[in-house]
Amino acid sequence: MSEPGSLIRSLSGRSAARNFHSFVINEIGVGIASGRFPVGSILPRDAELMDMYGVSRTVLREALKTLEAKGLVEARPKVGTRVSPKSRWALFDQQVLLWHFEAGPEEGFIRSLFDIRRLLEIEAVSLAAKHRTADHIRLMHYWVQQMEISRPVPESFAIAALELHRVTADASHNPLMRSITGIVEFALATTMPGGAGGEGEYDEATVAAYRGLVQLIERADAECAAAAMSDIIAAELQSAITNMQALD
């Protein structure tokens, strides 16, 4: 789940084939994110988990080590593997975000993610307007064009939008801005018309908003670019909330 766009593709039903190791990680990860394995609870014993998922002790132990590295669990001698408090979870991790999505994220969680987007991406486009190069602008226009072409295909549109955000982060000349790619991808997945893997089409207004953003960055208008990004994020948040409510 490390390649850009892999989360969107997975939510559209085109995830890569999983081996036993990744299968166990995802099954337990979704179980924790959904509350099936509640915070503070002790996971079933190794023998029970091995039987539940049909894997060897080696595969299970490696999976639990990965989950521990992501902050979801903590192994304690003579106690077992306990589900950690949410404050310890690596919430910027792309897999952890996917598990939240598959478990059905709460509105508060979605709003929190968009708050982070607003704080970081508004600053990113402001910096991009000051530091962008001709190559950055060329790539931005290219991805806006791809968004226009792929409006009827939500997955392709969302991936094109993600690439535009990635170019903007590069143009900011702040390498840390690239670290929020997972959050941006998760947010874009929640806005897909018809839900992930569903049918629908993005409207022209969405493309126009992104096109206007790129034009402002090209004109080096940092203040207006920041305002345009704020409007885009607000509109996408509303789409995400609408999609979530439609599933209730």
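The values are calculated or read from the model by the stated rules, or taken from the named source; none is laboratory data. This is a predicted model, so every value here is computed, not measured. Quick reminder, even Gly has a Cβ in these numbers, built from the backbone with ideal geometry, and neighbours come from all protein chains shown. To get the accessible areas, we keep the full protein, side chains included, count just its heavy atoms, and leave off ligands, DNA and RNA. Shrake-Rupley method; radii C 1.70, N 1.55, O 1.52, S 1.80 Å.
Just one residue in the set VAL167, VAL184 is crowded, with 17+ Cβ neighbours inside 10 Å, part of a helix (DSSP H, G or I) and either on the phi > 0 side of the Ramachandran plot or at pLDDT 95 or above (or both); that residue is VAL167. Among the residues of the range 110-147, those identified as free of Cβ contacts under 8 Å to residues at least 60 places away in the same chain, of a type in the set (D, E, K, R) and either touching a Leu at 6+ places or on another chain (Cβ under 8 Å) or more than 29 Å from ILE241 (Cα to Cα) (or both) are ASP135, ARG138.
Can you spot a residue in the range 137-144 that is under 15 Å from GLU218 (Cβ atoms), in a loop (DSSP other than H, G, I, E, B) and touching a helix residue (DSSP H, G or I) at 6+ places or on another chain (Cβ under 7 Å)? No; the residues of the range 137-144 include none that is under 15 Å from GLU218 (Cβ atoms), in a loop (DSSP other than H, G, I, E, B) and touching a helix residue (DSSP H, G or I) at 6+ places or on another chain (Cβ under 7 Å). Residues that are crowded, with 18+ Cβ neighbours inside 10 Å and free of Cβ contacts under 8 Å to residues at least 40 places away in the same chain within the range 225-244 comprise just one, ILE232. For the range 62-98, a tally of residues being within 16 Å of SER112 (Cβ to Cβ), crowded, with 20+ Cβ neighbours inside 10 Å and hydroxyl-bearing (Ser, Thr, Tyr) returns 0. Among the residues of the range 112-157, the ones that are modelled with pLDDT of 95 or more, among the β-branched types (Val, Ile, Thr) and open to solvent by 70 Å² or more (accessible area, probe 1.4 Å) come to 1 in all. Of the residues ILE32, ILE28, ILE42, the single one that is at pLDDT 95 or above and surrounded by fewer than 18 Cβ atoms within 10 Å (Cβ to Cβ) is ILE42. Among the residues examined, VAL55 qualifies as surrounded by 15 or more Cβ atoms within 10 Å (Cβ to Cβ) and either touching a Cys at 6+ places or on another chain (Cβ under 7 Å) or modelled with pLDDT under 95 (or both).
Can you tell me which residues in the range 198-208 are assigned to a helix (DSSP H, G or I) and either at positive phi or surrounded by fewer than 18 Cβ atoms within 10 Å (Cβ to Cβ) (or both)? Give the derivation first.
Of the residues in the range 198-208, the ones assigned to a helix (DSSP H, G or I) are 204-208.
Those that are assigned to a helix (DSSP H, G or I) and either at positive phi or surrounded by fewer than 18 Cβ atoms within 10 Å (Cβ to Cβ) (or both): GLU204, ALA205, ALA208.
Only residues that are in a helix (DSSP H, G or I) and either among the aromatic types (Phe, Trp, Tyr) or open to solvent by 10 Å² or more (accessible area, probe 1.4 Å) (or both): list them for the range 170-179, please. Write out each step before concluding.
From the range 170-179, those in a helix (DSSP H, G or I) are 170-171, 175-179; that's our starting set.
ASP170, PRO175, LEU176, MET177, ARG178, SER179, listed by residue number.
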